[in-house]
Structure formats: C-alpha cells, structure tokens
1. Which FRET efficiency value, to the nearest 0.05, do you get for Phe276 and Val190 by plugging their Cβ-Cβ distance into 1/(1 + (r/R0)^6) with R0 = 45 Å?
2. Among residues other than Leu262 whose Cβ falls under 9 Å from its Cβ, what is the net charge (Lys/Arg +1, Asp/Glu -1)?
3. Suppose every Lys and Arg Cβ carries +1 and every Asp and Glu Cβ carries -1, with no other charges. What dipole size does the chain come out with about its Cα centre, to the nearest 20 debye?
4. Using per-residue counts of other Cβ atoms within 10 Å, averaged over each peptide, order 258-266, 35-43 from highest down.
5. With angles folded into 0 to 90 degrees, how steeply does helix 105-118 sit against the dominant principal axis of the chain? Use alpha carbons for both and round to 10.
6. Lysines within cross-link reach of Lys101: Cα-Cα under 26 Å, excluding same-chain residues under 8 positions apart?
7. Can you tell me the orientation of helix 164-179 relative to the chain, as the angle in degrees between its alpha-carbon axis and the longest Cα principal axis, to the nearest 10?
8. Using only helices, what value at 222 nm comes out for the chain when you add -39,500 (n - 2.57) per DSSP H run of length 4 or more and divide by the total residues, to the nearest 500 deg cm²/dmol?
Amino acid sequence: MAVLVLDGVSKRYGEFQAVRDLSFQVQKGAICGFLGPNGAGKTSTIRMILGLQGATSGSISILGAPDGRKVRDRIGFLPEERGLYKKMTPVDAIAFFGSLKGLPDSEGRKRARDMLEAQGLGASRNKKMKELSKGMAQKVQLIASVVHRPEFVILDEPFSGLDPVNQQGLETVIRDLAANGATVLFSTHVMQHAERLCDQVVLVARGRKAFDGTVGEARATSRRFLELEGEIAEGAVAALPGVTGVEVKSDQGGVRLLKAALAPGANGQEALKAAFVSGLDVRRFELKEPTLHDAFIDLTGDHPDQDQSVARPAASLETAK
C-alpha cells in the first residue's frame, strides 16, 4: 500500500522552476532515499509533502490525506535547518516537541529518557543543549522528531555534519524505525548511505525525476569499468576489446590511473589479456562493479555532491516545527 503518492507535482518560485512534473510512490514500511545534488529540488518537494508550501501543479497524498498538515501528528520531520532551544535540556526539548504532536508531557519525558539512554546520551540528559556537541545535539533533534512514534518519517539531509561514528549510529536508527513499522523518506546527496539503507531510491536532478527503483536496478543502468595504473597511454587503453570510453583519474610522473568503461556484457579479463599482449605497462588492474554513485552520474550527468548554486527559500525554524 502506497502511503505517499506524488502525481505530476511542480513548484515555481517566480521565474524559477524548482520541481518539474515529479511523480513517485513510497510503499508502507519502506526506506526510500530521495537523492540528488544540492539544488535539485529535494527540500522544496519535502516542504510540499508536509504542507508547508503548496504545489504549483499536481497532487500529493500522504497517509491518505491531500495535505501533510491534516496528518501532522502521524508524521515525524527532521529539517535540514536544525534548531533546538539552547537553554533547554535534552529531556525538556524532546518532551516539548512530543507535546506539539499530542504526546502527554509525562509520557514524553519517559520516552525521552529511554531513547537518550539507547543512543548513549543518558549521562547528558540534564545538560543544557548549548553544552552538547554538534553530533549529540543532532541526535537529540532526531529523537525529538520521532518521540511520538510517527507512521511516516521525513529526514532532510540527516547525515549532514556528522562524523563517521555518528553517521553509522544514525543508519541504525533509520533501520530501527522501519523495523518498527514506520515508513522513512530521507533526502541526501551522499550516495553511500542510500546504498546501504534503501529499499527504493528516487533520483532527481534539476527538479526532474531521473530514476525510481531499487538500488540494484539503479546500478544496472551503469556500466562496469576497469581501473588500470601504469605508464600507459589513454589511446592504448581505449583500443582494448570491450572498452567504450576512458577517463584519466590521475597522472603523476608518467604513472597514470585510468578508468575504462566496459560495454554491456564485455569481459574484463579479455581486456587485461589484450593489454599484456600489446605490451602495456599495467602495474595495477581492477574490475569494478558500478556503485549507486556511478549510476547517479550516468543517469543525471551531475556529481551528487556538487553545489549547483541555486537559490532556494530557506525553511525557517518556525515552519520547520
């Protein structure tokens, strides 16, 4: 059963078209990665789903409602623009945000203590928010967004600014949310997180949908490739059997690292054999399967973490609540 349906959704800000005819569905209990470079239209789409701004055209259904505001108590939202009251303690902050979703204060405080303990923050539960590290504060805000046990959770760039240890912890939290029956939609431009977590990925670029399917299906749209290192010419690698294109990844002191794309069905070992027969000075050879990052570049023509320098309306703290 689809709990989120977008049908032909577009959004304009004056002359700027942020989202163009976007359609996709997310099934109940799925973890869906909403992926794209900065400025691709992800945050604008999330704000429309939540009902914080209207679509210029098209329709949205979330949890059976045409406007996220009508089911706001069943939705958890972690905005990209973080914001917690600095003089509150984590328990106070989490209980407060829970109360905005209809959770009684006593229950909110009990859940806050339990969830903080589970995230390794039990010893910090009575400190002021301003005394916590950035990673700790981000964990508190995540807990605050799900303390009311929402059915649908939206996380906008949740990994931004976190160190690798805290990123791994957040991945565990996302898996636990889905395991407990929640549907999760998270936006990111870091492909590795989506590759590990997602049942479904929706790739967007320049406001348009570029792909909608599983991680495996996305990878299948990209080609396998070889990496070769040595004192070798680009043209010599391009002439190997099955090679359809060559990219120079580095070139230092005559020792080059080349990335050679293979045609569908091409045999990498045949290319290696031909390289040795031709007398190429290959010092390292590696056959690589495409990653979600590779698929994204092939599908959109963009690097997923490049800055598109697109101006967009910022979500204020008031609307993010």
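Every number here is computed from the coordinates shown, using simple stated rules; none is lab data. These numbers come from a predicted model, not from an experiment. Neighbour counts are summed over all protein chains in view; Cβ atoms, including those assigned to glycine, are modelled from backbone coordinates with ideal geometry.
1. Values: r = 38 Å, r/R0 = 0.84.
For Phe276 and Val190, the calculated efficiency is 0.75.
2. Numbers: positive: Arg223, Arg224; negative: none.
Charge balance near Leu262 sits at +2.
3. On the way: 42 positive and 39 negative charges, 276 e Å.
About 1320 debye.
4. Details: 258-266: 16.7, 35-43: 24.0.
Highest mean packing first, the order is 35-43, 258-266.
5. Tilt of helix 105-118: around 30 degrees.
6. Leaving aside lysines fewer than 8 places away in the same chain, those within reach of Lys101 are Lys28, Lys42, Lys70, Lys86, Lys87, Lys110, Lys127, Lys128, Lys130, Lys134, Lys139, Lys321.
7. Orientation of helix 164-179: about 70 degrees from the principal axis.
8. On the way: 11 runs with 104 residues, N = 321.
Helix-only estimate at 222 nm: -9500 deg cm²/dmol.
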